[in-house]
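Chemist: A single structure is presented below for examination.
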Amino acid sequence: MKDLTGLHNALIGWFRANRADLPWRRTRDPYAIWIAEVMLQQTQVATVIPYYERFLTRFPTVEALAAAPLDEVLKLWEGLGYYSRARNLHRAARMIVEQFGGKLPSTVNDLLRLPGVGRYTAGAVASLAFGRDVPLLDGNVIRVLSRLLNIENDVMESATRRALWEQAERLLPPERAALWNEGLMELGQQLCTPATPSCPRCPIAGWCEAYRLGLQGERPVRSRRRKKPHYDVTAGVIRGQDGRLLIARRPPDGMLGGLWEFPGGKRQPDESLVACLKREIREELGIEIAVEGPVTTVQHAYTHFRITLHAFYCRHTGGEPQAIECAGWAWVTLEELDQYAFPVTDRKIIAVLRGGSGQPERGPEP
DNA sequence: AATTCGTGGGA
DNA sequence: TTCCCAAGAAT
């Protein structure tokens, strides 16, 4: 690649003319940019926008975030997924207040010390918020660079990732890393898309090796993922004497850590759904229940497996709840459920409980 | 190094 | 339906 300056000017010029108006591009506050970058990890721009607005309204400063209880952070994160991001954000905010004087660190190495900040996010905050000349590599940049340089190796392999980071560093324009980095990502989002890239409109098509060879549809090369296994899972909508419902908090780490749910768990081979539910409730909370009838079933696909979630109305028949295999429990009314952070699957159960019909609510009739 | 971690949208 | 993918990080 000889003409780097021409390449830089072409992309940056295009970006200046075509940059989308996004909330986190209206601020220079490193804290706000950090929040946006964490929310944008593995999450599309359109999904993030409303979460970002609510989050910054409630926690406008790192001090406000550090002072908040984790439960409130998780509640604002409800539905966004990858909840370790919310837990790490909260921990990192307290670190910033205690160890960095309330100011976000401005170097890649210091940023990397924060939980939830990896190489991408450190590069993004250092370049976009602090104007440092450092590279970044995300899914968009991987796609753009693998086409631009016609990279034939599997981008899922660590050796290829290392090579991509080296290329991202090499291609960086002096003093203009922020515009270049954001331009690469914007290009990947608007034109250099996964399935059918809009090469005729691309400002850097003249430099693109894959395009020259007609191979843009074959890049990047990615190894196939394994097929997802399927599990049947039960959940109990347990009603107590006064009509309140029993909910349990998941352990603080791991899958959906810190969120609340209707207690239950995975069905074992050759186990009935009812037996599964009674066993799980006994193991988690140490109480006995009677299973009365179905509420609804929910299909859901996580990253590495799929489930069918079977929810049942249950009655509490014996024992005081104990936090055995969970992080806590509460008896709550149907209205109070909204104060707690639930996974999407449990939100669908709640919608059925409130709707009264057997189905989640539909949109308005014409 | 290979897995684990959510959810929604699009082909 | 099924699979892929999205401003990745932690272990």
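The values are calculated or read from the model by the stated rules, or taken from the named source; none is laboratory data. On a predicted model such as this, the values are computed, not experimentally measured, just so you know. Cβ sites come from the backbone with ideal geometry, for glycine too, and all protein chains shown count toward neighbours. Accessible surface is based on the protein model in full, side chains and every heavy atom, while ligands, DNA and RNA are left aside. Shrake-Rupley method; radii C 1.70, N 1.55, O 1.52, S 1.80 Å.
Chemist: So what are the ³J(HN,Hα) numbers for segment A:178-191, from phi and the Karplus equation (6.51, -1.76, 1.60; θ = phi - 60°), rounded to whole Hz, Gly and Pro as x?
Modeler: 4, 5, 5, 4, 5, x, 4, 5, 5, 4, x, 7, 8, 10
Chemist: For segment A:109-175, with the dipole built from +1 on Lys and Arg beta-carbon atoms and -1 on Asp and Glu ones, taken about the Cα centre, which of A:GLY131, A:VAL141, A:LEU111 lies farthest toward the positive end?
Modeler: Result: A:LEU111, furthest along the dipole toward the positive end.
Chemist: To the nearest 10 Å², what's A:MET156's accessible area with a 1.4 Å probe?
Modeler: Ignoring ligands and nucleic acids, A:MET156 comes out at about 90 Å².
Chemist: Here is a follow-up. Given a 10 angstrom Cα cut-off, can you work out which residue in A:GLY318, A:GLY264, A:GLY116 is the most mobile in a GNM of chain A?
Modeler: Among A:GLY318, A:GLY264, A:GLY116, the largest GNM mean-square fluctuation belongs to A:GLY318.
Chemist: I would also like to ask the following. Describe numerically, in nm with one decimal, the distance between label points set 7 Å from Cα along Cα→Cβ at A:ILE49 and at A:ARG347.
Modeler: 1.8 nm
Chemist: How would A:ASP21, A:ASP346, A:ASP270 line up by accessible area, probe 1.4 Å, largest first?
Modeler: The ranking, largest first, comes out as A:ASP270, A:ASP21, A:ASP346.
Chemist: Next question. Starting from the Cα of A:THR61, step 7 Å along the direction of its Cβ; do the same at A:ARG162; then give the gap between the two resulting points in nm.
Modeler: Roughly 4.5 nm, to one decimal.
Chemist: Roughly speaking, to the nearest percent, how much of chain A's 1.4 Å accessible area is carbon and sulfur? Spell out each step's value before the answer.
Modeler: On the way: 9040 of 18380 Å².
Looking at chain A in its full context, I get 49 percent from C and S.
Chemist: Here is a further query. Going by amide H atoms built from the backbone, whose H comes under 5 Å of the H on A:VAL221, apart from near neighbours?
Modeler: The answer is A:VAL155.
Chemist: Related question: For a protection proxy built on the mean count of beta-carbon atoms within 10 angstrom, sort A:238-246, A:195-203 highest first, please.
Modeler: Sorting A:238-246, A:195-203 by mean packing, highest first, produces A:238-246, A:195-203.
Chemist: Provide the per-residue ³J(HN,Hα) series for segment A:157-169, in order, calculated from phi with Karplus coefficients 6.51, -1.76, 1.60 and θ = phi - 60°, each as a whole number of Hz, with x at glycine and proline positions.
Modeler: Whole-Hz 3J(HN,Hα) from phi for segment A:157-169: 8, 5, 4, 5, 4, 4, 4, 5, 4, 5, 5, 4, 5.
Chemist: In addition: On a 1.4 Å probe surface of the protein chains, which of A:VAL62, A:VAL108 comes out largest in accessible area, and what is the full order?
Modeler: Working: A:VAL62 10, A:VAL108 40 Å².
Final ranking, largest accessible area leading: A:VAL108, A:VAL62.
Chemist: Same structure again: Running Debye on segment A:181-238 with equal point scatterers at the Cα sites and no solvent, what base-10 log of I(q)/I(0) appears at q = 0.21 Å⁻¹?
Modeler: -0.87
Chemist: Using the heavy atoms of the protein chains and a 1.4 angstrom probe, tell me the accessible area per residue for segment A:96-141 in square angstrom.
Modeler: 42 Å²
Chemist: Turning to a different aspect of this structure: Given a Förster distance of 41 Å, report the FRET efficiency between A:ARG26 and A:ASP270 from their Cβ-Cβ distance, rounded to the nearest 0.05.
Modeler: Computed FRET efficiency for A:ARG26 and A:ASP270: 0.10.
Chemist: Tell me the mean residue ellipticity at 222 nm calculated for chain A from its helices only (DSSP H runs of n ≥ 4, each -39500 (n - 2.57), averaged over every residue, nearest 500).
Modeler: Numbers: 14 runs with 146 residues, N = 366.
Here the helix-only value at 222 nm equals -12000 deg cm²/dmol.
Chemist: Taking N as the number of residues in chain A, what is its alpha-carbon radius of gyration divided by 2.2 N^0.38 Å?
Modeler: 1.17
Chemist: Taking the Cα centre of segment A:4-218 as the origin, how large is its charge dipole in debye, to the nearest 20, when only Lys and Arg (+1) and Asp and Glu (-1) carry charge on their Cβ atoms?
Modeler: 260 debye
Chemist: So, with +1 on the Cβ of K and R and -1 on the Cβ of D and E, and no other charges, what is the size of the charge dipole of chain A about its Cα centre, to the nearest 20 debye?
Modeler: It works out to roughly 940 debye.
Chemist: Report, please, the projected area of segment A:230-355 averaged over directions, based on the convex hull of its C-alpha atoms, in nm².
Modeler: Numbers: hull surface 29.0 nm².
Its average projected convex-hull area is 7.2 nm².
Chemist: Could you give me the ³J(HN,Hα) list for segment A:327-342, computed from phi with Karplus coefficients 6.51, -1.76, 1.60 and θ = phi - 60°, whole Hz, x at Gly and Pro?
Modeler: The phi angles translate into 9, x, 8, 7, 9, 9, 7, 4, 6, 5, 4, 5, 7, 10, 8, 10 Hz.
Chemist: Counting Lys and Arg as +1 and Asp and Glu as -1, each charge on the Cβ, what is the dipole of segment A:1-53 about the Cα centre in debye, to the nearest 20?
Modeler: Here the size comes out at about 200 debye.
Chemist: Just read off the accessible area of A:LEU104 with the full protein assembly in place, 1.4 Å probe, to the nearest 10 Å².
Modeler: In the full protein context, A:LEU104 sits at about 20 Å².
Chemist: Could you give the angle, 0 to 90 degrees to the nearest 10, between helix A:139-148's Cα long axis and the longest principal axis of the Cα atoms of chain A?
Modeler: 30 degrees
Chemist: Between A:ASN153 and A:LYS228, what length comes free when the chain is fully extended (0.36 nm per residue of separation minus the Cα-Cα distance, one decimal in nm)?
Modeler: Stretched fully, the A:ASN153-A:LYS228 segment lengthens by 24.5 nm.
Chemist: Sorted by packing (mean other beta-carbon atoms within 10 Å per residue), highest first, where do A:161-174, A:272-285 land?
Modeler: Working: A:161-174: 15.7, A:272-285: 18.5.
So the order, starting with the most tightly packed, is A:272-285, A:161-174.
Chemist: Expected output is a single nm value to one decimal: the length gained when fully extending between A:ALA323 and A:LEU213, i.e. 0.36 nm times separation in residues minus the C-alpha distance. What is it?
Modeler: Gain on stretching A:ALA323 to A:LEU213: 33.5 nm.
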